[in-house]
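The values are calculated or read from the model by the stated rules, or taken from the named source; none is laboratory data. Small disclaimer: the values here were computed from a predicted structure and weren't measured. Cβ placement follows ideal geometry from the backbone for every residue including glycine, while neighbour counts extend to all protein chains displayed.
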Amino acid sequence: MSHDNLHHTPLGRDTEYVSQYDPSQLCPIPRANNWQDRGYDGAPFDGVDIWNAYEVSWLNAKGLPQVAVAEFRVPCDTPHIIESKSFKLYLNSYNLTRFDNPEQVQQQMVKDLSACAGGEVEVAIHDLDHPASFTCLGGECLDHQDIEIEHYQPAPQLLQSQPETEVSEQLYSHLLKSNCPVTGQPDWASIEIHYHGPVIDRAGLLQYLVSYREHGDFHEQCVEQIFMDLLQQCKPTELTVYARYVRRGGLDINPYRSTDRSTGAENKRLVRQ
């Protein structure tokens with residue numbers, strides 16, 4: 001994806017914090033049709049981007065501050081990504097705005113975020129007594145292998161599989177790191193991969209995931225690139241890739257991509273989230 005124009009978005013400008021409701025803070029970024037460049041007529045996956053916001057606040061009708069956490073689900077087939085810094089500024093604009101009740105806040109967010117993304121965005125608002133618990137990724141961890149690392153930019157040639165052996169397995173790593181494509185700030189993540197097909201070489205898979213360490217791209221694009229590289233290099237018949245990124249500015253972004261269009265993504269919060 002080209003990032004040449006990102007310096008003209010809120011991501012590339014000095015921040016002005018607005019505390020009165022302002023939907024114009026939201027900035028859409030076109031989703032890159034990378035799959036078309038790889039010969040796909042349409043996206044070879046289904047999925048969703050799950051956002052969790054931990055700094056949500058507004059005023060009630062009498063001016064008393066209200067606080068909450070919120071979950072947003074943006075389908076991966078919407079025309080636009082919601083740029084994360086603009087999302088934070090938009091949420092901040094609620095801070096001195098009065099609403100009659102949380103339902104009114106939720107309805108306004110659905111309207112604004114759906115307009116920005118170009119498709120229906122789901123919004124759930126929870127008070128701070130809403131029960132929450134940490135969980136772990138499923139399957140076997142890749143991270144304790146004694147391997148040599150030489151690549152810190154995406155290297156799909158590291159991915160190898162054994163066509164003569166077919167398996168169903170779930171693997172995960174906590175070593176995924178990429179960078180903001182404009183500011184260079186680090187984006188840390190854990191990633192879960194569930195597949196059926198030729199067995200994937202685990203050493204090569206971990207080397208490949210680590211190769212994103214100096215790569216600059218949005219969370220969603222990194223996960224889609226990982227998904228498509230696995231699909232093309234290893235030829236699984238079923239594949240799910242789910243990354244849980246560490247929050248920045250009160251927001252975490254968790255892209256989920258899968259060949260299985262019948263199941264949804266569980267919003268499972270990890271210990272470092």
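Laid out as a table, the results:
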| item | result |
| --- | --- |
| Residue list for region 119-146, filter: in a loop (DSSP other than H, G, I, E, B) and crowded, with 18+ Cβ neighbours inside 10 Å | V121, L137, L142 |
| Near pairs, Cβ below 8 angstrom, 6+ apart or cross-chain, from region 22-41 (free of Cβ contacts under 8 Å to residues at least 60 places away in the same chain and in the same structural domain as Y94 (by TED's automatic domain parsing)) to any residue that is in a loop (DSSP other than H, G, I, E, B) and surrounded by fewer than 15 Cβ atoms within 10 Å (Cβ to Cβ) | P30/P79 |
| Pair list, Cβ under 8 Å, 6 or more apart: region 104-124 residue in the same structural domain as K88 (by TED's automatic domain parsing) and polar (S, T, N, Q), other residue part of a loop (DSSP other than H, G, I, E, B) and at pLDDT 95 or above | Q108/Y21; Q108/F99; S114/E120; S114/V121 |
| Given (1) touching an Asp or Glu at 6+ places or on another chain (Cβ under 7 Å); (2) at pLDDT below 95; (3) not small (G, A, S), index of the condition D41 fails | (1) |
| Candidate set from region 39-66 (those that are surrounded by 13 or more Cβ atoms within 10 Å (Cβ to Cβ) and charged (D, E, K, R)); member that is nearest to D217 (Cα to Cα) | D49 |
| Among (1) modelled with pLDDT under 95; (2) over 30 Å from E214 (Cβ atoms); (3) touching a Lys or Arg at 6+ places or on another chain (Cβ under 8 Å), the one test that E122 misses | (1) |
| Any chance D112 is in a helix (DSSP H, G or I), within 23 Å of the chain's Cα centre (by Cα) and acidic (D, E) | yes |
| Hits in region 152-206 - residues which are of a type outside the set (S, T, N, Q) and in a helix (DSSP H, G or I) | P156, L158, R202, A203, G204, L205, L206 |
| Qualifying positions in region 187-209 - free of Cβ contacts under 8 Å to residues at least 40 places away in the same chain and buried (at least 22 other Cβ atoms within 10 Å of the Cβ) | none |
| Inter-residue pairs, beta-carbon under 8 Å, first modelled with pLDDT under 95 and in region 69-83, second among the polar types (S, T, N, Q) and surrounded by fewer than 20 Cβ atoms within 10 Å (Cβ to Cβ), 6+ apart | E83/T9 |
